[in-house]
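Engineer: Once you've had a glance at the structure underneath, I'll fire off some questions.
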Amino acid sequence: MGFFDYLKSILKIFQIKKTVRLGLYGPVNAGKSSLANKISLDWLGEEMSEVSKIPHETREIKVKERVKIKSNGKELDFNLIDTPGIATKVDYEEFLKFKMSKTEAKKRAKEATQGVIEAIKWLENVDCVLVVLDATENPYDQVNVTIIGNLAARNIPVLIVANKVDLKSANIKRIESAFPQYNVVGISALKGTNIEDFYKELFKTVK
Amino acid sequence: MLRLQVIPYSEIANLTSESKITKVLKIAKSNKIILLEGRLSSTEEALLIERTMSNIDRRFKGIEICSIGDSESQDFIKKVKRGLAQLLLGIGASGLTIIGPASIIKEIKRDPDKIELLTKNIK
């Protein structure tokens, strides 16, 4: 063993393991909380967020600390940060379609607007981001462009997760051509499809 | 009746981000669709979303926004080339941004170089 190898091994003993603050960002109902739940369930044995078909189910930041993820013989500690979906409009009348009372719908809309603001502010507090997109939707939505543009401006590593690939109308190629400078991994967070590849890509993104 | 307001780049070029957003939101809240020459930066877009959320109430439901044209994420050489061309030809800014109130615009579809704007039935 050379001197530098010796020095490296000594340093490794005293090295403080860094925890990666991993943000899950994306538009409303793309499956951020489903993916957060899948990761949390895989490595901690418990879910972390409520999921629902009603838009804006996640209206505040949810954090799960010290999630130890292993992939390809490597191990990293993450703080998972599940964020409310980013939107440019919130109309309480949309919630009435889900059999909510007017009061409940208005309360949900108010909380949803606060959630969007909070999600944007939390961009300052992440080391790496999973941009979760619904693979059945048009990826050129301005919200997606804005999120990714902001992450690029802050030099935050990004992995684009094309969720819901189990659905017939899913189109990963369209997402790849919309954001050619980023790695895209297709998964189904609900069914666990391709989740091993997702973890490999996550480790490549974090480095 | 659909009302459009065109904002040339020269009108916002020297404004701070905060002033740009205030101007754009004021117009959107008066139920007009804005055709903005050029693009907002991604941080300005995020600020616009934040301010929009703070302004949502019984009457204002938010906005629809869509930009086409050169983005700020393009590579350095392209940026320099574009900057030189703008300087020599006196062009303000490339790209176009459409912003409008969600009460009027149902959806803006971008695919990648064309924009389709779908409006709601206005009473």
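None of the figures in this text is laboratory data; all of them are computed from the coordinates on show. Only a predicted model underlies this, so the values are computations on that prediction, with no experimental measurement involved. FYI the Cβ positions are ideal-geometry reconstructions off the backbone, even for glycines, and counts take in every protein chain you see.
Engineer: So which DSSP H runs in chain A come out at 24 Å plus along the axis (Cα) with average Kyte-Doolittle of at least -1.0?
Structural biologist: Helices meeting the criterion: A:102-121.
Engineer: Considering only Cα-Cα distances, which of the following residue pairs are longer than 31 Å: A:62/A:164; B:23/B:109; A:168/A:200; A:173/B:26; A:173/B:61?
Structural biologist: A:173/B:26; A:173/B:61
Engineer: Okay, moving on. Mind checking the dipole of the protein assembly as shown: about its Cα centre, +1 per Lys or Arg Cβ, -1 per Asp or Glu Cβ, Debye to the nearest 20?
Structural biologist: Roughly 520 debye, rounded to the nearest 20.
Engineer: Per residue of the range A:127-139, what does 6.51 cos²θ - 1.76 cosθ + 1.60 with θ = phi - 60° give for ³J(HN,Hα)? Whole Hz please, x for Gly and Pro, Karplus curve as stated.
Structural biologist: 9, 8, 10, 9, 8, 8, 10, 7, 5, 8, 9, 5, x
Engineer: Is chain A rounded, prolate or oblate when judged by the Cα gyration tensor, a ≥ b ≥ c being the square roots of its eigenvalues, rounded requiring a/c under 1.5 and prolate requiring a/b larger than b/c?
Structural biologist: prolate
Engineer: Which FRET efficiency, nearest 0.05, do residue A:154 and residue A:63 yield, Cβ-Cβ r, R0 22 Å?
Structural biologist: For R0 = 22 Å, the calculated efficiency reads 0.70.
Engineer: Report the charge-dipole magnitude of the range A:48-144 in Debye, nearest 20, computed about the Cα centre from +1 at each Lys and Arg Cβ and -1 at each Asp and Glu Cβ.
Structural biologist: Dipole magnitude for the range A:48-144 comes out near 340 debye.
Engineer: Next question, about the same structure. Do you know the relative contact order of chain A, to the nearest whole percent, from alpha carbon pairs under 8 angstrom that are 6+ apart?
Structural biologist: Relative contact order of chain A: 21 percent.
Engineer: Counting helices only, and only those DSSP H runs with n ≥ 4, report the 222 nm mean residue ellipticity of chain A as the sum of -39,500 (n - 2.57) divided by its residues, in deg cm²/dmol to the nearest 500.
Structural biologist: Value at 222 nm, helices only: -12000 deg cm²/dmol.
Engineer: To continue, here is another question. Tell me, in nm to one decimal, what length is gained between residue B:3 and residue B:30 on full extension, where the rule is 0.36 nm per residue of separation less the Cα-Cα distance?
Structural biologist: Full-extension gain reported as 8.8 nm.
Engineer: Suppose R0 equals 25 Å; then what is the FRET efficiency for residue A:99 and residue B:58 from their Cβ-Cβ distance, rounded to the nearest 0.05?
Structural biologist: Efficiency, rounded to the nearest 0.05: 0.70.
Engineer: Straight distance only, please: which aspartates and glutamates reach the Cα of residue B:106 with their own Cα at less than 19 Å, same-chain residues fewer than 8 apart left out?
Structural biologist: Once the sequence-local aspartates and glutamates are set aside, what remains near residue B:106 is A:91, A:93, A:94, A:137, A:141, B:57, B:64, B:116.
Engineer: Once label points are set 7 Å from the Cα along Cα→Cβ at both residue B:51 and residue B:17, what is their separation, rounded to one decimal in nm?
Structural biologist: Computed distance between label sites residue B:51 and residue B:17 equals 1.1 nm.
Engineer: Taking Cα centroids, how far is the range B:1-16 from the range A:30-95 in Å?
Structural biologist: 38
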